[in-house]
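J.: Dropping the structure in here first, questions after.
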Amino acid sequence: MILRKLQQFMYGRYGSDLLNVVLIICGMILIVIGQIFWLGILAMISYVFYGYAFYRMLSKNIPARQKELYTFLKLLDRIKSYVRIRKDIIKNRKTHKYFHCPNCKQWLRAPKGRGNIQVRCQKCGNTFIKKV
């Protein structure tokens, strides 16, 4: 009976997604940090995170919520890419040198100790000389 009423209430509403989960987890982290360091302002900020997450869940404006999720996923993808590149740079720092293409800013990699080499970017086709 109660489950059926909840299903009827949520019909046509957005529900939960990854952004809501991240907002709730960030709110929890802020509350814990606020309790450890006696900072009440972090508890207030965490309530804003919770409120926005619940607003998104109960919203009937589904296209707007999907646009917010898409923007969040693009940002998350950029962060993951940045972390992956940094991890590769650290892992291969003894054998390879990483640098940007001067034209399109694509990350490129070349083996160390080769002197001046001619590099061709696979993304834009730009050719340039680089000392590695």
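J.: Only sites in a loop by DSSP and with at most 12 other Cβ atoms within 10 Å count here; which trypsin sites (Lys or Arg not before Pro) in segment 78-108 make the cut?
T.: Loop-located and lightly packed - Arg93, Lys94, Lys105.
J.: A further question on this structure: Where does helix 40-58 land angle-wise versus the long Cα axis of the chain, in degrees 0 to 90, nearest 10?
T.: 80 degrees
J.: How would Leu18, Leu3 rank on accessible area, largest to smallest, probe 1.4 Å?
T.: My answer, sorted largest first, is Leu3, Leu18.
J.: How charged is the neighbourhood of Glu68? Take every other residue with its Cβ under 13 Å from the Cβ of Glu68, and add Lys/Arg as +1 and Asp/Glu as -1.
T.: Counting the neighbours of Glu68, the net charge comes to +3.
J.: With the full set of protein chains in place, find how many percent of the accessible area of the chain is carbon and sulfur; take the probe as 1.4 Å.
T.: 63 percent
J.: In deg cm²/dmol and to the nearest 500, what is the mean residue ellipticity at 222 nm of the chain if only DSSP H runs of at least 4 residues count, each as -39500 (n - 2.57), divided by the residue total?
T.: Estimated from H runs of four or more residues: -20500 deg cm²/dmol.
J.: Gap in Å between the Cα centre of segment 1-29 and the Cα centre of segment 77-115?
T.: That distance is 40 Å.
J.: Could you report the accessible area of Ser81 in Å², rounded to 10, computed with a 1.4 Å probe on the protein chains as they sit in the structure?
T.: Approximately 50 Å² for this residue.
J.: Quick check: with the 1.4 Å probe, what order do Asp77, Asp17, Asp88 take by accessible area, largest first?
T.: Asp77, Asp88, Asp17
J.: Another question, if that's okay. Using a Cα-Cα cut-off of under 16 Å, which lysines could be cross-linked to Lys130, ignoring same-chain neighbours fewer than 8 residues away?
T.: Lys97, Lys105, Lys112
J.: Put Phe9, Phe72 in order of accessible area, largest first, 1.4 Å probe: what do you get?
T.: Descending accessible area places them as Phe9, Phe72.
J.: Candidates (i) 1.07; (ii) 0.96; (iii) 1.23; which is the computed Rg/Rh (Cα atoms, Kirkwood Rh)?
T.: Read-out taken from this structure: (iii).
The values are calculated or read from the model by the stated rules, or taken from the named source; none is laboratory data. Since we're looking at a predicted model, the values are computed, not measured. Note that we place each Cβ from the backbone using ideal geometry, even for glycine, and neighbour counts take in every protein chain shown. Ligands, DNA and RNA are stripped out before the accessible areas are found, and what is left, the full protein with its side chains, is counted by its heavy atoms. Shrake-Rupley method; radii C 1.70, N 1.55, O 1.52, S 1.80 Å.
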